[in-house]
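Written below as structure tokens is the structure these notes are about.
The values are calculated or read from the model by the stated rules, or taken from the named source; none is laboratory data. What you see is a predicted model; the values in this text were computed from it and never measured. Backbone-built Cβ (ideal geometry, glycine too); neighbour counts: all protein chains shown.
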Amino acid sequence: MDYAEAADARNGWPRLRVADWAETRDTVHMWTQIVGKIRMAHAPMLNHWWHVTLYVTPRGLATSRIPYGHGAFDIEFDFCDHRLHIRSSDGTAESVVLEAKSVAEFHAEVFQALRRLGINTSIRAIPNEVDPAIPFAADDRHASYDAQAVRLFWHQLVQTDRVLNEFRSYFSGKASPVHFFWGSIDLAYTRFSGRATSTQPGGAPNCPDWVMAEAYSHETSSCGFWPGGGEEGASYAYSFPEPAGYSEYVTEADGTVYSKADKLYLLPYENVRTAPDPDGTLSRFLHSTYEAAAETGRWDRAGLEIDPDRWRQHRHHRQPPGQARGAASP
């Protein structure tokens with residue numbers, strides 16, 4: 001792989017072929033499951049499993065604050081310095097080096113670091129949504145770490161997270177954060193119509209159906225980025241339950257296709273990266289697939305959507321002393 005070419009990709013959207021880092025991706029996937037399960041063990045339950053996810057940061061992926069006793073701790077994958085940082089509200093901290101090592105080694109090192117901080121925890125130490133599900137403590141199969149590839153993947157997430165959050169600003173109804181689900185290793189954002197569903201999907205490998213029942217208890221329009229399905233990964237969008245006419249609603253502009261097997265729309269990442277306007281290309285995909293769900297599903301669009309620029313009519317035209325020209329004023 002030509003990493004120099006990938007690192008110098010225009011507009012900040014890096015090139016990263018899935019085939020060039022598949023072994024590293026699968027190893028890091030298991031590492032994120034371990035960290036995500038630690039958050040799940042201590043965080044209070046939130047609807048649709050929002051309490052288990054990770055978030056894109058300026059340096060990698062992190063849990064955000066995890067409550068523990070009368071304090072808190074957090075865990076962050078630093079993909080710049082390639083260390084896992086564990087920080088406690090009592091001022092102490094530990095770290096684990098991110099390098100080529102097995103999942104079993106990583107699992108042991110993380111729990112040793114937690115114990116040194118006085119954090120006692122236990123998790124169901126078997127991965128979800130993969131087959132086979134090798135217990136973390138016995139997983140010597142996944143042991144790859146290509147630091148440059150991981151950093152490029154993080155940059156893919158940074159770019160996608162930025163556009164997803166801009167898209168999120170158009171919706172005033174119930175919606176998820178933009179967050180990273182470690183079960184399926186995807187960055188996701190979900191909007192809700194406000195109506196409950198009568199059926200839920202099932203069949204995810206090594207994942208109980210009641211988990212999916214909680215995730216899909218209400219009608220959704222969901223989208224995100226997955227580092228698979230396509231030469232460089234793909235953005236996806238789906239509606240659950242899928243309304244009649246949804247699959248035919250969006251045209252094939254920009255390379256968008258509908259997968260009947262997976263029941264979702266896909267836009268190859270390379271189509272976004274190589275477009276004259278990558279942000280605009282991804283935004284069109286997000287808006288058009290949401291419109292497909294909202295129109296065919298008969299959502300209350302007038303009550304759920306909002307103008308993200310509505311505040312501009314109230315901003316002062318005169319800048320306060322010392323404020324940079326062009327900066328927003330409340």
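Scan region 205-223 for residues that are part of a strand (DSSP E or B) and touching a helix residue (DSSP H, G or I) at 6+ places or on another chain (Cβ under 7 Å) and jot them down. Within region 205-223, Ser221, Cys223 qualify. Taken over region 249-284, the criterion of being free of Cβ contacts under 8 Å to residues at least 60 places away in the same chain and of a type in the set (Phe, Trp, Tyr) is satisfied by Tyr249, Tyr258, Tyr265. Taking into account only those residues within region 183-203 that are modelled with pLDDT of 85 or more and either in contact with a helix residue (DSSP H, G or I) (Cβ under 8 Å, 6 or more places away or on another chain) or not assigned by TED's automatic domain parsing to the domain that holds Tyr170 (or both), which is farthest from Tyr269 (Cα to Cα)? Out of the qualifying residues, it is Gly194. Can you pull out every residue in region 46-97 that is within 20 Å of Gln33 (Cβ to Cβ), polar (S, T, N, Q) and more than 14 Å from the chain's Cα centre (by Cα)? Across region 46-97, the qualifying residue is only Ser95. Identify, from the list Gly245, Gly233, Gly228, the residue that is modelled with pLDDT under 95 and assigned by TED's automatic domain parsing to the domain that holds Trp299. Result: Gly228 is the single residue among Gly245, Gly233, Gly228 that is modelled with pLDDT under 95 and assigned by TED's automatic domain parsing to the domain that holds Trp299. Residues that are among the charged types (D, E, K, R) and assigned to a helix (DSSP H, G or I) were ranked within region 239-287; the one that is nearest to Pro201 (Cα to Cα) is Glu248. Is region 29-51 home to any residue that is assigned to a loop (DSSP other than H, G, I, E, B), touching a residue at least 12 places away in the same chain (Cβ under 8 Å) and more than 17 Å from Gln156 (Cα to Cα)? Checked region 29-51: at least one residue is assigned to a loop (DSSP other than H, G, I, E, B), touching a residue at least 12 places away in the same chain (Cβ under 8 Å) and more than 17 Å from Gln156 (Cα to Cα). Of the residues making up region 89-114, those that are surrounded by 18 or more Cβ atoms within 10 Å (Cβ to Cβ) and not aromatic (Phe, Trp, Tyr) number 11. For region 178-201, the candidate set comprises residues that are among the hydrophobic types (A, V, I, L, M, F, W, C) and not in a loop (DSSP other than H, G, I, E, B); within that set, the residue that is farthest from Thr63 (Cα to Cα) is Ala196. Listed conditions (1) free of Cβ contacts under 8 Å to residues at least 60 places away in the same chain; (2) at negative phi; (3) out of contact with any strand residue (DSSP E or B) (no Cβ under 8 Å at 6 or more places or on another chain) are all met by Gly203, apart from (2).
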